[in-house]
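Taking it in order: structure first as structure tokens, then the write-up.
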Amino acid sequence: MLFHGAAAPRLRRRGRGKPIYVAVRGAVYDVSAGRGFYGPGGAYAVFAGRDASRALAKMSTAAADVSGDLSGLSDKEIAVLNDWENKFRAKYPVVGRIAASSSS
């Protein structure tokens, strides 16, 4: 599944029983198995339906950090993101990718 355009970062499905998606470096993961973490009221609910790459790299749950923008990250932060990406790959299925913006 390819998520396009301005709607791509809005991968959140509302409602009980609907899948919960989180993107990391453009890969969209179904994190529904971690509903307690990523669902409403969960510690990482702010990541649901969005690309959380920057926030994961910075180990932040601030809404302002939840973005796919990796510019300005330190080597250490990129290494942290690599670790998170490996954890997501091992634990959750990839269900799609965010399409590259054509307005660049």
request  = Search region 35-48 for residues that are without any contact (Cβ under 8 Å) to a residue 24 or more places away in the chain and pair each with any residue that is open to solvent by 80 Å² or more (accessible area, probe 1.4 Å) and in a helix (DSSP H, G or I) when their beta-carbon atoms are under 9 Å apart and the residues are at least 6 apart or on different chains.
outcome  = 42/35; 43/37; 44/37; 45/37
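Could you list all residues from region 49-87 that are part of a helix (DSSP H, G or I) and touching a residue at least 40 places away in the same chain (Cβ under 8 Å)?
Residues of region 49-87 part of a helix (DSSP H, G or I): 53-58, 63-65, 75-87.
Within region 49-87, 81, 84, 85 qualify.
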request  = Take the residues in region 71-88 that are in contact with a helix residue (DSSP H, G or I) (Cβ under 6 Å, 6 or more places away or on another chain) and within 10 Å of residue 25 (Cβ to Cβ), then tell me which one is surrounded by the fewest Cβ atoms within 10 Å (Cβ to Cβ).
outcome  = 84
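Being at pLDDT 90 or above, open to solvent by 20 Å² or more (accessible area, probe 1.4 Å) and of a type in the set (A, V, I, L, M, F, W, C) narrows it down to one residue among 37, 47; which is it? Talk me through it step by step, then tell me what you get.
Numbers: 47 fails: open to solvent by 20 Å² or more (accessible area, probe 1.4 Å).
None of the other options fit; the residue is 37.
The values are calculated or read from the model by the stated rules, or taken from the named source; none is laboratory data. Bear in mind the structure is a predicted one, so any value in this text is a computation, not a measurement. Here the Cβ is made from the backbone with ideal geometry for all residues, glycine too, and neighbour counts use every protein chain on show. To get the accessible areas, we keep the full protein, side chains included, count just its heavy atoms, and leave off ligands, DNA and RNA. Shrake-Rupley method; radii C 1.70, N 1.55, O 1.52, S 1.80 Å.
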